[in-house]
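Structure, as structure tokens:
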Amino acid sequence: MRASAFVYPWDVNGDPEAAAFVAGLGVEQVTLAAAYHSTRALTPRHPRHRVVTAEHAAVLYPPDPARWKGRDLRPYEAGDWAPGDAYGEAAAALADAGLEVHTWVVLAHNSRLGAEHPHTSVVNAYGDRYPWAPCIARPATRAYLVDLAAEAAVRPGARGTELESLGWYGLAHLHAHDKTGGVGLGDAGQYLMSLCFCPHCREGYDTQGLDPDELAAAVRAALEPVWRGSAPSDDGWAGVEKLLGEGYANGTRAWRDERARTLQETAVAAVRAAAPEGFRVLLHADPVSYHCGANAGVDPAHILSVADGVVVPCTGGAGLLTPFAEQGRDGAVLAANLTVVSGMGGRP
């Protein structure tokens with residue numbers, strides 16, 4: 001067993017004591033952000049700043065001009081919160097402190113992409129667009145995500161990567177000044193509010209034998225009891241089937257699962273093609289394939305046949321690791337993602 005810590009370049013750069021401090025915690029590895037979404041971060045130990053505001057999703061290194069030349073969808077460079085090759089500078093300092101450095105790459109979570117390219121976003125059954133959530137069914141978006149994964153993951157000196165949000169994003173998202181917590185959607189309501197009805201997904205539902213207009217109407221009708229405060233008594237997938245009907249529920253899931261699986265396969269293959277021998281590829285994952293978010297919903301057996309392992313949220317206990325452990329795949333990395341910061345509910 002080994003311990004690793006998530007680190008941002010702004011934690012290290014400008015603080016000559018930071019790398020040694022991290023190494024002194026007893027971890028063997030750091031997972032250093034190379035591509036990350038917008039955030040506001042407190043840096044209580046840094047000698048130069050206390051709050052870092054990353055204004056938009058960005059790569060924290062100079063992207064390759066040849067790779068992105070002439071493309072509408074391309075990564076955004078960071079501003080003054082991570083100038084130049086901020087990743088490379090931090091990685092060098094951490095490696096000099098004796099730490100093994102892996103990259104941390106956030107993919108299908110990008111509000112600026114949705115703001116500047118509205119057609120890339122998930123659109124729900126009401127026609128509302130989610131600018132933070134790129135639709136992973138769109139061919140151009142998939143190509144962008146695959147190339148971003150390969151470039152951001154395989155940085156000089158990195159021994160592996162963790163790919164976050166390599167799958168569907170939906171309603172659940174801590175968006176700026178979020179005001180959605182007052183309605184208890186439950187697992188089923190979250191799924192229905194995360195179904196995409198962009199042109200590509202409408203065509204996809206049609207391939208499953210579902211009329212997209214009728215499906216959207218069925219989703220809206222299914223959600224009416226939720227808006228009136230009557231969440232389904234059955235939650236999880238049984239709740240989805242109860243609200244939407246088995247035919248609609250299973251048809252949408254078949255389309256979405258296929259799009260997520262093939263994107264994961266393609267992105268991991270692209271990373272491996274660009275990486276040196278022995279490079280480790282992990283996915284931030286949830287063992288329930290219809291779940292959306294940073295921990296992408298996956299089929300445990302499938303994803304362990306594709307990637308070297310998974311990183312699973314375990315702040316509430318280790319239960320989500322069980323479906324992956326039950327696969328019994330020799331050599332698979334099963335990493336428990338634990339919150340250790342007391343102020344965030346962790347137990348150091």
Close pairs (7 angstrom Cβ cut-off, 6 or more residues apart or separate chains): more than 17 Å from R347 (Cβ to Cβ) in region 299-327, surrounded by fewer than 22 Cβ atoms within 10 Å (Cβ to Cβ) and among the β-branched types (V, I, T) anywhere: D308/V333; G309/V333
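In region 190-230, what residues are surrounded by 12 or more Cβ atoms within 10 Å (Cβ to Cβ), aromatic (F, W, Y) and under 14 Å from D128 (Cβ atoms)?
Within region 190-230, F197 is the sole residue that qualifies.
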E265 vs. criteria open to solvent by 70 Å² or more (accessible area, probe 1.4 Å), at pLDDT 95 or above, under 30 Å from L163 (Cβ atoms) and not in a helix (DSSP H, G or I): no
Matching residues, region 310-348, being at pLDDT below 90, more than 20 Å from the chain's Cα centre (by Cα) and assigned to a loop (DSSP other than H, G, I, E, B): G317, G328, V340, V341, G345, G346, R347, P348
One residue from V22, V27 being surrounded by 13 or more Cβ atoms within 10 Å (Cβ to Cβ), assigned to a loop (DSSP other than H, G, I, E, B) and over 23 Å from the mean Cα position of the chain (by Cα): V27
Region 207-222 - residue that is assigned to a helix (DSSP H, G or I) and in contact with a helix residue (DSSP H, G or I) (Cβ under 6 Å, 6 or more places away or on another chain) and, of those, farthest from H119 (Cα to Cα): A222
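The values are calculated or read from the model by the stated rules, or taken from the named source; none is laboratory data. Computed from a predicted model, the values in this text were never measured in an experiment. Ideal geometry is used to build each Cβ from the backbone, glycine not excepted, and the neighbour counts take in all protein chains shown. Just the protein is used for accessible areas: all its heavy atoms, side chains included, with ligands, DNA and RNA removed. Shrake-Rupley method; radii C 1.70, N 1.55, O 1.52, S 1.80 Å.
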